[in-house]
Amino acid sequence: MSRTGGEPGPPGAAWLDDEAGPVVRPYALTGGRTRHEGEFDLVALILTRDPAGEDGAAATRPWVPDPEHEMILELCRTPLSVVEIASELELPLGVVRVLLGDLLDRSRIEVRRPAPVALFPGERVLKDVIDGIRAL
């Protein structure tokens, strides 16, 4: 992280990588937290909720989102999976899960869980549909 050769360098040099530029550790984005109480499935769809529908309870505890929270809210105006969000933001999955937890706690996002495999049609049903289409 510091300049080459392990030399101390000027103040703030520890936060600068010569090749990557400014460096912020993932734990700095999450305030040192590594988990959220609820787990987010990798393929769960995240959708931004409109804060205008909130009741007066939100006004009593104002919250100013961090830039990363704002980026997630902007990205999720159309539903995106947790993995897609991590990829778009180029952040580790664990960090994204913590940030999503912050937004969920404040009712700023909606989580749509993937459908259970048991709800998908069986192979026999799919073959019958294909046969029906071929018959047309």
Practice task
Order by neighbour count: Thr48, Thr78, fewest other Cβ atoms within 10 Å first, most last.
Solution key: Thr78, Thr48
Practice task
Apply 1/(1 + (r/R0)^6) to the Cβ-Cβ distance of Val111 and Ala135, taking R0 = 41 Å, and write down the FRET efficiency to the nearest 0.05.
Solution key: 0.50
Completion exercise
For Asp50, Asp102, ascending order of other Cβ atoms within 10 Å (fewest first) is Asp50, Asp102
Completion exercise
Between the modelled labels at Phe120 and Val43 (7 Å from Cα along Cα→Cβ) the distance in nm is 0.6 nm
Fill in the blank from the handout: Taking Leu100, Leu29, Leu42 and counting other beta carbon atoms within 10 angstrom, the fewest-first order is Leu42, Leu29, Leu100
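Just so you know, all these numbers are worked out from the coordinates, no wet-lab data involved. Since we're looking at a predicted model, the values are computed, not measured. Using ideal geometry, Cβ is built from the backbone for each residue, glycine included, and neighbour counts are taken over all protein chains shown.
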